[in-house]
Amino acid sequence: MRFPPFITRLFLQLTLAACAFSQPAYDLLLRGGHVIDAKNGISADRDVAIKDGIIAAVAPRIDPATALKVVNVAGLFVTPGLVDIHAHVYTGTGERSSYAGDLSLAPDGYTFRVGVTTVADAGCSGWRNFEDFKDRIIDRSKTRVFAFLNIVGNGMRGGKFERDQTDMEVEPAAQMALKYKNIVVGFKTAHYTGPEWTPVEHAVAAGNIAKIPVMVDFGIDHPERPLSELLTSKLRPGDIYTHCYSGLRHELDEAGNVNAGMIAGRKRGVIFDVGHGSGSFAWRIAVPAMKQGFIPDSISTDLHVSSMNSSMKDMLNVMDKFLAMGMSLDDVIRRSTWNPAREIQHEELGNLSVGSVADVAVLSLANGRFGFSDMYGARLQANQKLICELTLRNGKVVYDLNGLTRPDWTTLPKNYMQTGDPRWDSFTPQRRTPGAQTAPARKQ
Ligand SMILES: [Zn+2]
């Protein structure tokens, strides 16, 4: 039997209208949490709705009937996905004792479980091996990975390479940064043992060409190149001094006061970053500096094989230390989201503005007896600790500590299989019919 064409058309239109009507406005709704979004000046109870991987609405109340999936996050903090601008993730080359190898870590195992959705690799690769790093790690990680390009062409492969002034070439470094300007966010100089200013000067020269900041690990302390000169004349506003509480380069003077060059540098717009690592954070430096009002612009981990299980541990543990020193949670979150996003000139990140990518961390703040160690093994006791409950990347759940987004198994049908939906869940397995079997591969 055939219907006249106009009947067929009408039927088709009605079907399409019904489909559109039943389509929920949002894929995921985080309901009842306390949103901390420094860019937008929000620290208040807000619902957050996500559609197609994008923040679609932030409001005191969003109708749960408008969302495909509603997650109750009452009592928890909802923040932008954390941005860690000092990590070492160029692993997999097989090179021993090298940050372009065995000293680095694959990011995904260390990021989502602590709310981090973006890392910047701090100079593991230089212009000679950046494309290998990109192919090996950046293009294959679920974590968003940016890079500070080492001013040393060979990158962070050990002293022999990092001391070689002839491999600190400005032009090829700048050209590689310009070629990958969506990934390369700055230049890095690190671990330099000589008395020369060459690494800093060349990194700044490359930064001027590519219009990106320089991050400095100031290496071995030398009277020929004092910290105050670095901060008051060598670096530009927007350049980043990392390891700012290490105490290894006179961050505090003999009298225990913050180096006058640090204060003058900050006035000029130089950025101060934590870069905790395994050997760059001491209570005897950080506590007096904080008491004198010298607080960091950004909190970062310096994640690598030696810091992952040491006093550093992970991003939240470093953030906890600033809570322990009296920084407010709002200020800690700002320095782990919006501030670092701005420092690396990626202002589309580190915020929960409508239209931004839905990279989100949901955190709880536990009360109890906790201890936090520094690089020398000295402990500071405190009573609060951040825990990551849920992480979203591009609007999809990539980490869910307590199954917050999942139904209780007793509420499901006897033969339940898939419980998620690819619109909000990155773990949703392929839908399979119970009992169905794949045909065994035939032997040739
Ligand atoms: Zn580092």
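The values are calculated or read from the model by the stated rules, or taken from the named source; none is laboratory data. Here the structure is a predicted model, which means the values were calculated and not measured. Every residue, glycine among them, receives a Cβ derived from its backbone with ideal geometry; neighbour counts consider all protein chains shown. Ligands, DNA and RNA are excluded from the accessible area calculation, which covers all protein heavy atoms including side chains. Shrake-Rupley method; radii C 1.70, N 1.55, O 1.52, S 1.80 Å.
Quick look at the numbers
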item	result
Simple label model, 7 Å out from Cα along Cβ direction - residue 408 to residue 309, nm	3.8 nm
Rounded, prolate or oblate (a/c below 1.5 giving rounded, otherwise prolate when a/b exceeds b/c) for segment 21-108 by Cα gyration tensor	prolate
Equivalent ellipsoid dimensions for the chain as semi-axes, Å, which come from the Cα gyration tensor, largest first	44, 26, 21
Convex hull of segment 150-221 built on C-alpha atoms - directionally averaged projected area, nm²	4.2 nm²
Per residue solvent-accessible surface (Å²) - segment 23-175, probe of 1.4 Å	36 Å²
Stretch gain in nm, segment residue 140-residue 113, where the contour uses 0.36 nm per residue and the Cα spacing is subtracted	7.9 nm
Filter on 142/396; 234/313; 51/181; 181/267; 160/188; 291/321 - keep pairs with C-alpha separation over 23 Å	234/313; 51/181; 181/267
Residue 418-residue 163 pseudo-label distance in nm [points 7 Å out on the Cα-to-Cβ vector]	5.8 nm
Order by protection proxy (mean Cβ within 10 Å, highest first), peptides 386-396, 144-154	144-154, 386-396
Difference of contour (0.36 nm per residue) and Cα-Cα distance, residue 171 to residue 428	87.9 nm
Residues of segment 250-327: accessible area per residue with a 1.4 Å probe, Å²	34 Å²
Globularity ratio of segment 113-159, using Cα Rg and 2.2 N^0.38 Å	1.18
Rg in Å to one decimal, and Dmax rounded to a whole Å, for segment 321-386 via C-alpha atoms	14.8, 44
The chain, helix-only ellipticity at 222 nm - DSSP H runs n ≥ 4, -39,500 (n - 2.57), divided by all residues, nearest 500	-6000 deg cm²/dmol
Calculated FRET efficiency for the pair residue 23/residue 268, C-beta based, R₀ 60 Å, to 0.05	0.70
Segments 303-309, 25-31, 238-244 sorted - mean Cβ within 10 Å per residue, highest first	238-244, 25-31, 303-309
Extension gain from residue 254 to residue 229, taking 0.36 nm per residue of separation minus the Cα-Cα distance	7.2 nm
Convex hull per residue volume in Å³, alpha carbons only, for segment 297-420	159 Å³
Point-to-point label distance, residue 380-residue 211, nm (Cα→Cβ direction, 7 Å offset)	3.9 nm
Other-chain or far-sequence residues with amide H under 5 Å of residue 281's (modelled H)	375
Efficiency of FRET from Cβ geometry, residue 367 and residue 61, R₀ 41 Å, rounded to 0.05	0.90
Coarse-grained scattering of segment 227-329 at q = 0.13, 0.19, 0.20 Å⁻¹, given as base-10 log I(q)/I(0) from a Debye sum over alpha-carbon atoms	-0.43, -0.91, -1.00
Accessible surface of the chain [probe 1.4 Å, protein heavy atoms]: carbon and sulfur percent	53 percent
Beta bridges per DSSP with both ends in segment 153-275, % antiparallel, nearest 5	10 percent
Relative contact order [Cα under 8 Å, 6+ residues apart], the chain, whole percent	16 percent
Tail fraction, Cα-Cα pairs, segment 253-292, threshold 15 Å, whole percent	49 percent
Average silhouette area of segment 272-314, convex hull of alpha-carbon atoms, in square nanometres	2.8 nm²
Label zone at residue 178 (point 7 Å along Cα-to-Cβ), backbone N below 15 Å, segment 327-353	none
Most to least packed among 359-371, 276-288 [average Cβ atoms within 10 Å]	276-288, 359-371
